[in-house]
Amino acid sequence: MISRRGFFRGVSRFALGALALSSYAVLVEPLLLRQRIRHYDLKLARWPTGLDLSIAVVADLHACEPWMNVARIEAIVAQTNALGADLIVLLGDFSSGHRLVTRRLEPAEWARPLAQLKAPLGVHAILGNHDWWDDRAVQAIRRGPPYGRGALEQAGIPVYENDVVRLSKDGRAFWLAGLGDQLAFWPVRRHYPGLRWGIDDLAATLAKTKDAEPVILLAHEPDIMPRVPERVSLVLSGHTHGGQVRLFGFSPVVPSRYGNRFAYGHVREQTDLIVSGGLGCSIAPVRLGVPPEILLVKVSAAAA
């Protein structure tokens, strides 16, 4: 039988362990740990031979102090530029996603360092749900654009909303398609039955890719994945942050109707999906087992 002293010693050790773990989750991963570079090397069946492409992916900054201040965004920009990728994509949620902050950054503040991103095939962006939710004016009238889009465009970064651009490398062309956000508006169906939450239009977006050339789809939320046709070679998403807490390959809480199916990393179904763990925090400044990350995705044709 355990003694009284042994019992309290065990409780004390448990409490100290819990305190250390929670301190790490709140301070180290979200604030003190330098963002890592995560590499993916994809061999795609529906990708032209001879088109070797590298894509740097920056997702979910959630700009605010002290968690994601201007100095940290400048460091992220420098790390991303140093990768030497062919193109850079920004996957949305530039705005702060929680209230446990000392100050929210204005769009012009976080867009200014992003203007220094450079890549041969350009820098391309989509917006996330928090970029829409944080703009109370667009929520009131239920139409955009939100002020974050203007800040990006003033910084020289095009923003795609159900739109596409045709790019080429080494004489071989491909399409980059940006889907409008699937959760652009606060959920108010209780008051307005039948009202859509999002502005996404996958069919109209893909209809703009008129040739048989490959398509890379940027979609902030990965929940679009089951509707994406095989015509699309690759989907790049953020939004989930890998659940912000991920242990042994499982995330207890994921902001997705599909749970852990599209929570994080590389998923191969009818097409390929990469979900970034992102850089900032949403709801609460906690990360455990999902360190902040910039992605370098290399794409080439699968061997015949």
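Can D52 be described as among the acidic types (D, E), out of contact with any helix residue (DSSP H, G or I) (no Cβ under 7 Å at 6 or more places or on another chain) and assigned by TED's automatic domain parsing to the domain that holds I126? When the stated conditions are applied, D52 passes them.
Counting only residues that are in contact with a helix residue (DSSP H, G or I) (Cβ under 6 Å, 6 or more places away or on another chain) and either outside any loop (DSSP other than H, G, I, E, B) or buried (at least 20 other Cβ atoms within 10 Å of the Cβ) (or both), the range 287-302 holds 4 of them. Considering the range 126-150, the residues that are out of contact with any helix residue (DSSP H, G or I) (no Cβ under 8 Å at 6 or more places or on another chain) and buried (at least 20 other Cβ atoms within 10 Å of the Cβ) include one that is nearest to L83 (Cα to Cα), namely I126. The set of residues in the range 44-63 being more than 20 Å from L121 (Cβ to Cβ) and modelled with pLDDT of 95 or more consists of D60, L61, H62, A63.
Here D93, D41 are screened, and the one residue that is crowded, with 16+ Cβ neighbours inside 10 Å and modelled with pLDDT of 80 or more is D93. In the range 221-243, the count of residues that are exposed (fewer than 15 other Cβ atoms within 10 Å of the Cβ) and among the hydrophobic types (A, V, I, L, M, F, W, C) is zero.
Only residues that are more than 30 Å from K169 (Cα to Cα) and not in a loop (DSSP other than H, G, I, E, B) were counted across the range 52-78, and they come to 7.
Across the range 51-99, the number of residues qualifying as over 21 Å from G243 (Cα atoms), touching a residue at least 60 places away in the same chain (Cβ under 8 Å) and touching a Ser or Thr at 6+ places or on another chain (Cβ under 9 Å) comes to 8.
The single residue among V123, V77, V101 that is crowded, with 16+ Cβ neighbours inside 10 Å and at pLDDT below 95 turns out to be V101. If you check V290 against the conditions, is it of a type in the set (V, I, T), free of Cβ contacts under 8 Å to residues at least 12 places away in the same chain and under 18 Å from E221 (Cα atoms)? Judged against the criteria, V290 is not a match.
Residues that are at pLDDT below 95, hydroxyl-bearing (S, T, Y) and touching a helix residue (DSSP H, G or I) at 6+ places or on another chain (Cβ under 8 Å): does the range 276-285 have at least one? The answer is yes, given that some residue of the range 276-285 is at pLDDT below 95, hydroxyl-bearing (S, T, Y) and touching a helix residue (DSSP H, G or I) at 6+ places or on another chain (Cβ under 8 Å). Given the condition among the hydroxyl-bearing types (S, T, Y), under 19 Å from K43 (Cα atoms) and assigned to a strand (DSSP E or B), answer yes or no: does some residue in the range 261-274 qualify? Taking every residue of the range 261-274 in turn, none turns out to be among the hydroxyl-bearing types (S, T, Y), under 19 Å from K43 (Cα atoms) and assigned to a strand (DSSP E or B). Within the range 117-154, no residue satisfies the criterion of being of a type in the set (S, T, N, Q) and on the phi > 0 side of the Ramachandran plot.
The values are calculated or read from the model by the stated rules, or taken from the named source; none is laboratory data. No experiment lies behind these values; they were computed from the predicted model shown. All Cβ positions, even for glycine, are placed from backbone atoms using ideal geometry, and neighbour counts span all protein chains on display.
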